[in-house]
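Working notes for the structure below.
The values are calculated or read from the model by the stated rules, or taken from the named source; none is laboratory data. Computed from a predicted structure; not experimentally measured. Glycine gets a Cβ as well: all are built from the backbone with ideal geometry, and neighbour counts include every protein chain shown.
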């Protein structure tokens with residue numbers, strides 16, 4: 001990770017959290033997923049049950065609105081005056097009928113939502129999705145419901161809204177255009193009421209706040225670089241080496257330090273803790289050379305070029321991403337896949353046909369990671385490969401031996 005002019009990228013890398021995770025997980029900025037129970041319903045079963053419940057609800061409601069349910073108004077007629085249901089019923093009868101139909105629609109929705117586990121569908125496919133996908137899915141669902149209920153008159157809720165609203169507010173005698181505009185205004189209000197819970201589920205406010213914050217930061221220019229502070233060199237401060245810690249902090253803040261320097265100096269300090277006799281040499285080197293202290297014998301502070309992401313604080317190299325499928329264990333779903341010395345120490349088997357990318361996507365990133373660890377004083381690397389193997393540029397290694405190649409500077413005396 002080359003250091004930028006002001007050191008902001010390096011400090012951001014240094015302060016990024018690296019929580020403990022299972023082997024093979026990319027820990028840099030990792031956010032553990034909530035553990036899901038083994039009895040979790042599969043996506044196919046969940047969607048099948050939800051769609052089946054939806055179709056059943058539509059069937060029941062269709063029978064209700066088409067008066068195919070025998071004696072469907074018997075409960076309503078029991079609690080209302082009998083003269084309401086004559087040839088010329090009053091407005092109160094229409095209001096009571098709208099309330100009655102809306103209550104039945106609510107009961108149907110509640111029952112089949114429980115049967116079809118619609119709450120889990122909403123959680124899995126809307127609220128658990130990252131932004132902006134979460135807000136977009138909630139918006140699509142809200143728009144569909146608003147069109148069906150408010151503008152298409154489905155489920156009698158629009159009829160209920162018209163019934164409970166005073167007629168003088170909606171109907172203008174002799175002015176059909178004004179009446180139509182007021183009815184559209186009522187539909188708009190009903191649409192907002194429908195969209196409100198979906199806006200909460202989709203966290204539209206959080207998304208808008210994040211967009212505004214990003215726009216404000218872009219307008220104000222780059223923010224203040226976070227100070228490295230004593231927390232970045234706690235061992236040095238605890239040992240009383242405040243001047244050394246401040247020198248390293250300044251190197252990081254001004255962009256003269258990169259990740260290899262940071263890990264290399266931390267490694268050198270651990271050797272001082274193991275052997276205090278090295279303290280004088282260490283402090284004089286840091287105070288004199290800053291981030292260039294304790295260099296690798298080659299004098300290099302980085303590789304000529306990196307082909308993948310590395311995190312030297314955890315000695316990890318990222319090699320891809322786990323599939324977000326049901327067969328993948330919950331903690332690994334959509335998480336970064338990484339390899340570190342601990343994983344390599346348990347042995348590693350890679351299976352794939354010739355030309356599938358084993359060397360380019362796995363062997364070379366691992367070699368690159370070990371080479372960076374060698375520059376930081378954490379490893380010694382010997383690579384063995386066939387001629388033509390893509391193990392990186394030759395000048396990325398201290399010594400390159402090509403047996404049988406007369407142009408090679410080095411050879412093996414068998």
Inset, instruction - Filter segment 160-188 down to residues that are touching a helix residue (DSSP H, G or I) at 6+ places or on another chain (Cβ under 6 Å), modelled with pLDDT under 80 and closer than 24 Å to residue 103 by Cα, then give me how many there are. - result: 3
Legend entry - Selection count where residues are more than 15 Å from residue 311 (Cβ to Cβ) and either modelled with pLDDT under 80 or in a loop (DSSP other than H, G, I, E, B) (or both), scope segment 3-30: 6
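Inspect segment 302-309 for any residue being part of a loop (DSSP other than H, G, I, E, B) and within 14 Å of residue 263 (Cβ to Cβ) and give the result as yes or no.
Applying the first criterion (part of a loop (DSSP other than H, G, I, E, B)) to segment 302-309 yields 302-309.
Still in the running and within 14 Å of residue 263 (Cβ to Cβ): 302-303.
Yes, that holds for at least one residue.
Being free of Cβ contacts under 8 Å to residues at least 60 places away in the same chain and part of a loop (DSSP other than H, G, I, E, B) narrows it down to one of 290, 299, 255, so name that one. Break it down into steps so the answer makes sense when it comes.
Details: 290 fails: part of a loop (DSSP other than H, G, I, E, B); 255 fails: free of Cβ contacts under 8 Å to residues at least 60 places away in the same chain.
Result: 299 is the single residue among 290, 299, 255 that is free of Cβ contacts under 8 Å to residues at least 60 places away in the same chain and part of a loop (DSSP other than H, G, I, E, B).
Look through 91, 73, 114 and report the one residue that is exposed (fewer than 12 other Cβ atoms within 10 Å of the Cβ), out of contact with any strand residue (DSSP E or B) (no Cβ under 9 Å at 6 or more places or on another chain) and in contact (Cβ under 8 Å) with a residue 12 or more places away in the chain.
Values: 73 fails: exposed (fewer than 12 other Cβ atoms within 10 Å of the Cβ); 114 fails: in contact (Cβ under 8 Å) with a residue 12 or more places away in the chain.
Going through 91, 73, 114 in turn, just one is exposed (fewer than 12 other Cβ atoms within 10 Å of the Cβ), out of contact with any strand residue (DSSP E or B) (no Cβ under 9 Å at 6 or more places or on another chain) and in contact (Cβ under 8 Å) with a residue 12 or more places away in the chain: 91.
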Inset, instruction - Among the residues of segment 319-336, count how many are out of contact with any helix residue (DSSP H, G or I) (no Cβ under 7 Å at 6 or more places or on another chain), in a loop (DSSP other than H, G, I, E, B) and buried (at least 16 other Cβ atoms within 10 Å of the Cβ). - result: 2
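To keep it simple, each residue is scored yes or no on (1) closer than 25 Å to residue 257 by Cα; (2) surrounded by 13 or more Cβ atoms within 10 Å (Cβ to Cβ); (3) at pLDDT 90 or above.
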| position | (1), (2), (3) |
| --- | --- |
| 338 | yes, yes, yes |
| 341 | yes, yes, no |
| 350 | no, no, no |
| 375 | yes, yes, yes |
Inset, instruction - Scan 141, 208, 198 and give me the residue that is farther than 30 Å from residue 75 by Cβ, under 21 Å from the mean Cα position of the chain (by Cα), in a helix (DSSP H, G or I) and touching a residue at least 12 places away in the same chain (Cβ under 8 Å). - result: 198
